[in-house]
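Here is the structure we will look at.
Laboratory data are not the source of any read-out in this text; all were calculated from the coordinates shown. Quantities reported herein were computed from a predicted structural model and do not represent experimental measurements. Reconstructed Cβ throughout: ideal geometry from the backbone, glycine too, with neighbour counts over all protein chains shown.
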Amino acid sequence: MFVKLNTLPMSKPSTLVFILLLIMPWRLFTQNAIQWLLPVGSYESVQHWGDLFLVQQNGRWGVLDAHQKFLIKPKFENAYVLDEWAFSAQEKGLWGVFHRNNFRKWAVRPQYYPEEGSSVLTSNWGLPHSWLGYRNGYAFAITVSEKGVVLQPATNEPPAGMEVLEPEDNVPSPPKVPSPQPWHSQWKSVDFMFEPYVADDEITWKIPRRDVFKVTDDEGKTGIVDSAGRILIPTRSAYFQVVQFNTLALLENRGQPGPEEYAFYRLSDGKRMSPKTYQHYTTMSVSSKEPILVWNNLDPAAGKGYGLLSPAGEEWIPCVYESLAAYAPPDFVPAKKGGKWGIIDMKNEVLLPFEYDQISVASMDPAADVYVTKNRKMGVLRVKGRK
C-alpha cells in the first residue's frame, strides 16, 4: 500500500496516528487472543456455569449473569455446579438444588446431607445427571433434566438395565519369542517391543510390535533392530523405555562416568529427535498426541528447569521454567517464572504475562476455561490463540 503523505491533512493528530500505524511493523497487529470471561476482581472463587457464574464473595456464594449482575446475591455457605441445568447450594449445613429455569425458589429445598466422608452430593451409581442426598438415614436420588428436578428414594442396587463393568481379564498374552529369523543368531536374545493395550483406563504393555525388536548381545547390552535385522540403536549398557507409541527414552551413561540423562529417539528408525539430554521425564498419557514433560535439577538462572517435548521427542519448550502444568490443552500450557504463573504457547511465546499466583485449566479441550488467581481473587479466561 502506498500513500501520498502530502495529500493528508498533517495537522490532525488522528492522521499522524494513522501514518504511524501504516509504517510500524506488522507485529503491532498480532495480539494474544485471551478472552476474559470474568476478569480478576472481587471474587475468592469462581465456577463457570454456561453463560453464568457461581461466585464466592466474602466467604458466601451467589450467581452472576452474563453481564456480571447478581441473579442471586452471595448468601450460601457453599455451592457447586451439578450439570448444565442445575447447581447445588448449602444453607445451614444442608444441601438443596436450584434449576436454571427458576432462580426465585429452590427446586429441591436444603434438607439433605451428603454421603458420609464426602463434603458434597455424590453421583448416584454413576448415572448421568443424578446425585444422592441423605435425610433421616435414607438415600434420595436427585435427578436433573432440562425440564426440572425429580426427587425419589434411591435404590441400594444398580438400576435395572444398568451395565456394571468388570475388569477385563481375558486379554490374550502375546508370544514370548519372535519367530526365528536368520539374523537372530548374532544376538544372545531377541525380544518383542510392546505397544500399549488400554483397558478400563489402565495401560498395560501387551501388543507386540512387528517392525522393531529389542536385542541383547553376549555382554548383556541391549539395542534396537528392525525386522530385517538392521541396527537402529546400537547395543550399549543403557536403560530405555517406550514413552509414546513411537518414541523411546534412552538413559545415557548408566553405570558410566558422567551424569545419567535421557535422550529421545524415534523407535521406527532409531533417529535421535533432540540433541539435548534431560535428567527426568514423564508423560501425561501414552498416546501419539500428548507432549513429554522433561526437567533438569531446578536452576532457571542456568537454564535448568521444566520444559516440553513433542510426542515425537522434539523440543518445543526449553527447560527454563520453575514449573509447568501437568495437564493442559494441546496449544498452550500454564508456566511458572519468577515465582509467578503465566501462559505460553508451544512456540514458547507468552500469551498471558507472568503475574498470577495460580492458574488451573478446567479440561484438555482447546477452548477450556482457565481459572487464574491474583491477590486471592479469581478470574476466568479462554485462550483462543493468536490472530
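Dipole of the stretch 240-387, Cα-centred, from +1 at each Lys and Arg C-beta and -1 at each Asp and Glu C-beta, to the nearest 20 debye?
400 debye
Report the extension gain between Gln241 and Glu44 in nm, rounded to one decimal, defined as 0.36 nm multiplied by the number of residues separating them, less their alpha carbon distance.
Gain on stretching Gln241 to Glu44: 66.5 nm.
Rounded, prolate or oblate: which fits the stretch 77-153 when a ≥ b ≥ c are the square roots of the eigenvalues of the alpha-carbon gyration tensor, with rounded for a/c under 1.5 and prolate only if a/b beats b/c?
oblate
Quick one: net charge around Asn296, please, counting Lys, Arg +1 and Asp, Glu -1 for every other residue with C-beta under 14 Å from its C-beta.
-4
Which of the trypsin sites (Lys or Arg not before Pro) across the stretch 278-363 are loop residues per DSSP, with 13 or fewer other Cβ within 10 Å?
Answer by residue number: Lys289, Lys347.
Please check which bits of the stretch 106-148 a label hung off Thr155 would reach, taking the label as a point 7 Å along Cα-to-C-beta and the cut-off as backbone N under 12 Å.
Once the point is set 7 Å along Cα→Cβ of Thr155, 125 turn out to lie under 12 Å by backbone N, inside the stretch 106-148.
Rank by packing, highest mean first: peptides 40-50, 260-270, with packing defined as the count of other Cβ atoms within 10 Å averaged across residues.
Those peptides, ordered most packed to least, come out 260-270, 40-50.
First select every other residue whose beta carbon is under 13 angstrom from the beta carbon of Glu219; then total the charges, Lys and Arg +1, Asp and Glu -1.
Every neighbour counted, the sum reads +1.
Can you classify the stretch 313-359 as rounded, prolate or oblate using the Cα gyration tensor, where a ≥ b ≥ c are the square roots of its eigenvalues, rounded means a/c under 1.5, and otherwise it's prolate if a/b beats b/c and oblate if not?
It comes out prolate by the Cα gyration axes.
Please give the FRET efficiency for Asn297 paired with Leu127, using the beta carbon to beta carbon distance and R0 = 45 Å, rounded to the nearest 0.05.
Computed FRET efficiency for Asn297 and Leu127: 0.40.
Less than 15 Å Cβ to Cβ from Trp316, Lys/Arg counted +1 and Asp/Glu -1: what total charge do the surrounding residues give?
So the surrounding residues net to -3.
Taking Cα pairs under 8 Å and at least six residues apart, what relative contact order does the stretch 77-153 come out at, in percent?
Relative contact order for the stretch 77-153 comes out at 20 percent.
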